[in-house]
Amino acid sequence: MHSKKNVHSPKKEQLHCPTRWLEFKPFGEIIPNTRFIPFKTPISKTYFQSNKSILEKDSLTTDQLVERLKMRGMKLGLVIDLTSKPGKYYNPAEWELHGVQYAKIASTTDNLMENRQKFFAIVNDFLSRDKEKLIGVHCAHGLNRTGFLICSYLVEYRGYSLEQAISDFETARGHKMETRKDVLHNLYAAKFDS
């Protein structure tokens, strides 16, 4: 078990906020008929303590996210982190304090295709063991990489049409995917054209 000090203290050079992070809602709604909830990356409490230009209402730490979801009657069981580097924005051990399983799939726009199978395996394993808790998925903004992998899962494992998967994701997240839709369309065109 990590000490509280170590859990909340990423390296000094890691303390930063992703570009445009403040433009996006902290988290969306549960995607209908699933247990997926997309959200933007939480950031270490230390960052917000040292950066007073961000109002508390605009901050998002792991503690705040868990508490805000709990206030809405939601409980996370698994978080899948799709940011490019481990511990880039927060210490993953913070999830353990809340009894949340953490999985890291270091993702960039260049390796999303190869990461699909890893994502599918992690989700299916969790769903086979847990029948109630939510699966939180995030990249920097909880939008493009997150949307790509969740939509891929919905098409391949839940029988969604691509249009329905994208629509349900975007509605739940509260933002439209900005990139990766073309890759999804190319990937699944043959499935729906036949």
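The values are calculated or read from the model by the stated rules, or taken from the named source; none is laboratory data. Computed from a predicted structure; not experimentally measured. Methodologically, a virtual Cβ is constructed for each residue, glycine included, from the backbone with ideal geometry; neighbour enumeration extends over all protein chains shown.
Does Arg145 qualify as being of a type in the set (D, E, K, R) and either under 13 Å from the mean Cα position of the chain (by Cα) or assigned to a loop (DSSP other than H, G, I, E, B) (or both)? Break it down into steps so the answer makes sense when it comes.
Numbers: of a type in the set (D, E, K, R): yes; either under 13 Å from the mean Cα position of the chain (by Cα) or assigned to a loop (DSSP other than H, G, I, E, B) (or both): yes.
Judged against the criteria, Arg145 is a match.
Would you mind stating whether Tyr89 is without any contact (Cβ under 8 Å) to a residue 60 or more places away in the chain, on the phi < 0 side of the Ramachandran plot and touching a Leu at 6+ places or on another chain (Cβ under 9 Å)? No, not satisfied. Please verify whether Tyr160 is under 16 Å from the mean Cα position of the chain (by Cα), farther than 20 Å from Lys25 by Cα and modelled with pLDDT of 95 or more, treating the condition exactly as stated. No.
Checked against the criterion of being among the small types (Gly, Ala, Ser), crowded, with 16+ Cβ neighbours inside 10 Å and at pLDDT 95 or above, segment 144-157 contains one or more residues that satisfy it.
This table checks each residue for (1) part of a helix (DSSP H, G or I); (2) touching a Leu at 6+ places or on another chain (Cβ under 8 Å).
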site	(1), (2)
Leu127	yes, no
Glu132	no, no
Ile150	yes, no
Glu156	yes, no
Tyr160	no, yes
Glu163	yes, no
Glu178	no, yes
His185	yes, yes
Ala189	yes, no
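For segment 1-29, the candidate set comprises residues that are aliphatic (A, V, I, L, M) and crowded, with 17+ Cβ neighbours inside 10 Å; within that set, the residue that is modelled with the lowest pLDDT is Val7. Restricting attention to segment 40-97, report how many residues are over 13 Å from Phe27 (Cα atoms), assigned to a loop (DSSP other than H, G, I, E, B) and either at pLDDT below 95 or not basic (Lys, Arg) (or both). So the answer is 18.
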